[in-house]
Structure formats: C-alpha cells, structure tokens
Amino acid sequence: MNGPSRTPPYSMDFEQALLASCIIEGGQESIATCIEEKIYPGSFYMPVHQVIFKALLDLYSENSPASELILAEKLSSRGELEKVGGYDYLSSITNRIDTPVHILHYINRVRDLDLLRKIIKISRESIESAYAGVDDISQFVETVEKAIFNVSENRLSDSAQPVKIAIDNAIVLVQNLLQHRGELSGVGSGFGDLDRLTFGFHPGEMIIIAARPSIGKTSLALNIAENAVIKPETKTIVPTLFFSLEMSSEQLAMRLLCGRAGMNMTKLRDGFITKEAATNLNRVANEFKNAPLWIDESTNMSITEMRAKARRMHNKNKLGLVIIDYLQLIAGTDARAPREQQISEMSRGVKAMAKELAVPVIVLSQLNRESEKEKRQPRLSDLRESGAIEQDADVVMLLSKKREENIDDEISSDIAIRELIVAKQRNGPTGLVQLAFKKSLTRFESYADENI
C-alpha cells in the first residue's frame with residue numbers, strides 16, 4: 001500500500017542534548033543513567049547519533065572518560081569520525097547545553113519519540129500484511145498484539161529502589177499479619193492443613209503441582225479454583241483464569257458441577273439421579289454461573305500468547321489467580337530447540353507472568369517415572385524435563401499415592417489417600433499434607449474432614 005511520504009517523529013535538538021549530556025563532564029554518570037533508563041543506539045533516529053552513542057557505550061564499558069577529545073579519538077580509531085561529521089559536529093553537539101542536569105527530560109523525549117517510530121513501523125507492516133491477505137487471522141492478530149506489547153514492555157526501566165521502600169512495604173505486611181493473626185495472607189487452597197503450611201498462595205508466586213498421570217492433579221487444581229471463586233460471604237472471592245491445554249471446558253465444567261453437588265458422575269451418565277439431586281445440581285450450576293471463573297481451552301498455545309491473554313483478561317477483570325493445566329503442553333516458540341530449553345523458556349515465562357500481573361500462578365506439571373520404578377515418594381529431581389522448573393518456582397508440591405509399608409492407600413472402594421509433599425517453599429517450611437480423593441466425584445477433601 002502506497003501512501004504519502006512523511007518524516008518519522010524525531011527531534012534533532014533532544015538527541016543532540018542527550019548526547020551532549022553524556023559527553024560533558026566526563027560522561028560516566030550520564031551514560032550510566034541512559035543504560036538504566038534503557039536507551040540504546042537504536043533509540044536515536046539519526047544514524048550519526050547512533051554511531052556516537054555506540055562509541056560512548058564502549059568508552060563506558062572500558063571505564064574510560066567520555067570527553068569530546070577522547071570520543072573523537074575513539075571514533076577516529078574506528079574510521080568513523082568523518083562519517084559523523086568530524087570534530088566540528090562533535091563540538092556543535094557539546095555546545096548544545098551547559099549542564100546535564102536535565103538529562104532525564106532528554107531521555108524521556110528521545111525514548112518517547114523512538115516508541116512512536118516503532119509503533120508507526122509495526123502499524124505500517126501490519127497494514128501491508130492485512131492488504132496482502134492473511135491466512136490465519138487469529139495468529140495475525142496475536143502477532144500484532146505481541147509486537148505492540150514488546151514495544152510497550154521495553155519502554156519502562158526497572159531501576160533499583162532505596163531499601164527504605166522495601167522496608168516500608170515489609171512493615172505494612174508485618175502489621176497486616178499481626179492485625180489478622182492466624183488468617184491467610186494469600187489465596188487459600190481450601191485445604192486447611194495445606195493453608196496452615198503456606199498461609200495461602202501469594203502475588204507474584206509460581207506454584208508447581210506435579211504428579212504422575214491419573215493421580216489427580218487436574219482435580220486438585222479445579223478444587224482450588226472452586227474454593228477461590230465460590231466462598232462464604234465472610235471471605236473474599238478471587239477472580240480466576242484457568243488455562244486448560246488438555247481437557248475441554250465442558251469436561252472441566254462437568255467435574256466442577258458433580259464435585260460440588262456431590263453427584264456420582266457414573267450415575268449421572270446412566271441417567272439415575274433423584275429429583276433432589278437434580279435440584280441440587282441446578283443450585284450448584286447457578287453458583288458457578290455467577291462466579292468469576294474463566295476457562296481458556298485453547299490448544300497449542302505458546303507462553304507468549306498465554307501471557308497476552310492473561311494480560312488482556314487482567315485489564316478487563318482484575319484477576320487474583322491463574323491456573324495452567326499443564327506446563328508440558330505449552331507450545332515452544334522454537335520447535336527446533338531442545339525440549340529442555342523449551343521447558344526452561346516456558347518456566348521463565350510463567351514466572352514473569354506471575355510478577356507482571358502480581359497474582360499467584362499455579363502450574364501443573366508432570367513427574368518422570370523414577371519414583372514409580374524405585375517405589376518411593378517423588379522428589380524435586382523427578383520434575384520432568386527441566387531443572388529450571390525447580391529453580392523458577394516459589395512453591396513446588398508433589399502429589400502421589402501413599403507409599404508407607406503395611407498401610408493400604410485405599411480408605412474405601414471410593415476414597416483413597418493422596419500425599420501432597422510441599423518439597424519447596426521459598427518463603428516458608430516444607431512438609432507433607434494428606435488428602436482424601438473421592439474417585440466417584442474426582443474431588444479432593446481434607447484428610448481430617450473425612451474423620452479417618
């Protein structure tokens with residue numbers, strides 16, 4: 001598509017003023033400020049300014065002063081001095097300002113104009129692609145959104161803050177703990193023994209629930225989601241987003257309904273339910289219809305796409321919890337990369353999502369076969385395919401059958417004991433919690449509640 005030729009937004013004055021701030025008075029402190037505020041050679045529109053700033057960065061890395069004379073010598077040694085206009089142009093830059101006191105203003109203007117140019121470039125490319133024809137509209141929209149997000153995500157600096165700020169925040173947390181002594185400080189799981197060990201799941205945490213297939217990790221995640229979105233009036237409801245990469249939303253809804261209504265799924269399929277049970281099922285259905293729970297059943301989704309969806313949902317409906325079922329089904333961005341490298345990328349992406357949204361993110365994961373082969377309890381090293389999961393996670397819980405000698409893990413024909421091992425907790429103790437799994441309802445209950 002051809003359109004009128006326009007000069008991209010830029011300001012010669014602010015680019016020169018920023019460069020001058022890095023040159024006068026030796027430049028080391030000003031260059032450090034630019035680095036901290038995420039200014040790169042590509043942030044400048046003029047090619048000569050990009051070359052000059054690259055040389056300034058190199059001087060900084062060499063711990064060398066960045067005076068006009070030293071900068072000129074550096075450019076000359078590279079054969080670039082005449083390309084940027086020689087000594088005369090460097091002198092004209094340094095004469096733009098007398099002091100670097102306003103450097104942050106110059107940085108903001110240069111960065112904002114660079115952001116506008118990037119948005120214009122992305123928009124033009126998107127328009128051209130749209131006119132050329134798009135085979136997969138969903139993928140096209142996701143690609144455009146990802147490009148826009150990458151621009152906006154990189155424009156903010158993550159500079160260090162005085163310890164005073166962290167101390168003040170910690171004091172507020174301590175006061176809240178004292179005022180609400182014994183109460184959960186995070187999102188409760190609904191299982192008393194587990195909540196006493198973790199005090200709930202906290203914002204920014206990545207929580208792993210790992211198990212072998214058919215042990216019940218999806219059921220446990222659904223029970224946690226149910227407890228988050230349906231609570232007595234005295235407790236806070238936590239809006240929850242559930243990414244299901246394996247099961248359909250209808251399958252999950254069926255589990256939620258039958259589990260909460262206490263209805264045997266086999267009997268329901270056979271059509272044998274009483275009128276009272278049907279009434280109870282309708283009551284539970286209305287509870288879930290009014291609950292702030294969203295299920296995304298998209299398959300073959302990358303962690304980047306997942307983060308984008310969670311971000312959009314968080315902007316519309318302030319989330320308090322995200323659940324992903326499960327990690328190994330997330331699509332890698334590079335199918336050619338080794339699987340361990342792909343899992344590491346996904347793990348880092350999940351942790352980044354938790355920090356970005358400031359919510360706990362529960363991720364289900366698979367365990368390898370070693371614990372079954374060796375007939376022992378699972379441990380952290382059994383996490384499948386990558387040690388990065390253990391490294392990134394704040395809490396790791398391993399769900400397994402009971403393994404103690406001479407103790408049958410079957411309480412009855414319908415109820416079995418499951419052990420939830422809190423194998424890692426960055427901000428708390430580790431330990432073991434016993435749960436009762438009701439097979440006919442595919443539902444977990446606290447072990448103590450079963451009076452066993």
- Message: In Å, what Kirkwood hydrodynamic radius results for the range 221-357 from the alpha-carbon pair distances?
- Response: 16.6 Å
- Item | Cα pair distances exceeding 23 angstrom across the range 183-450, given as percent | 52 percent
- Between residue 69 and residue 48, the two model label points (7 Å from Cα along the beta-carbon direction) sit apart by a distance in nm of 2.3 nm
- Note on the structure: Once normalised by the length of the range 12-153, the mean sequence separation of its alpha carbon contacts under 8 Å that are 6 or more apart gives a contact order in percent of 30 percent
- Could you pull out the pairs from 289/309; 217/275; 54/118; 289/318; 231/438 whose alpha carbons sit more than 24 Å apart here? 217/275
- Message: Calculate the FRET efficiency for residue 149 and residue 274 from the Cβ-Cβ distance with a Förster distance of 41 Å, rounded to the nearest 0.05.
- Response: 0.20
- Sequence-distant residues sharing a close amide H with residue 238 (under 5 Å, placed H): 229
- Task: Could you go through the range 370-376 in sequence order and give the Karplus-derived ³J(HN,Hα) for each residue, using 6.51 cos²θ - 1.76 cosθ + 1.60 with θ = phi - 60°, rounded to whole Hz, and x for Gly and Pro?
- Result: 4, 5, 5, 4, 8, 6, 9
- Item | Built amide H within the under 5 Å cut-off of residue 210, gap 5+ | 365, 397, 398, 399
- Under the Karplus relation with 6.51, -1.76 and 1.60 and θ = phi - 60°, whole-Hz ³J(HN,Hα) for the range 188-193, x at Gly and Pro, equal x, 8, x, 10, x, 4
- Evaluated at 25 °C and 0.890 mPa s, the Stokes-Einstein D of the range 201-245 based on the Kirkwood radius over Cα pairs, in µm²/s, stands at 201 µm²/s
- Note on the structure: Straight-line reach check, residue 375, cutoff 18 Å on alpha carbons, 8 or more apart in-chain or any other chain, hits among lysines -> 401, 402
- Item | Rounded to 5, percent antiparallel among DSSP beta bridges of the range 183-450 | 50 percent
- In what order do 94, 430 fall by count of nearby beta-carbon atoms within 10 Å, going from fewest to most? 430, 94
- Which loop GluC sites (Glu not before Pro) in the range 1-110, with loop taken from DSSP, have no more than 15 other Cβ atoms within 10 angstrom of their Cβ? 62, 80
- Query: For the range 283-343, which trypsin sites (Lys or Arg not before Pro) are in a loop by DSSP, counting at most 16 other Cβ atoms within 10 Å?
  - Reply: 318, 336
- Got a sec to turn the phi values of the range 198-212 into Karplus ³J(HN,Hα) couplings, 6.51 cos²θ - 1.76 cosθ + 1.60 with θ = phi - 60°, whole Hz, x for Gly and Pro? 9, 6, x, 9, 10, x, x, 8, 9, 10, 9, 10, 10, 6, 6
- Just the number, please: Stokes-Einstein D of the range 59-160 in µm²/s, Kirkwood Rh from C-alpha pairs, 10 °C, 1.306 mPa s. 90 µm²/s
- Query: Near the amide H of residue 443, under 5 Å away, which other amide H atoms are found, from residues 5 or more places off or on another chain, if H is placed in the peptide plane?
  - Reply: 438
- Over all alpha-carbon pairs in the range 261-329, figure out the percentage whose distance exceeds 17 Å. 60 percent
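Computed from the coordinates by the stated procedures, all read-outs in this text should not be read as laboratory data. Everything numeric here is computed off the predicted structure, so don't read it as measured data. No Cβ is skipped: glycine too gets one built from the backbone with ideal geometry, and neighbour counts run over all protein chains shown.
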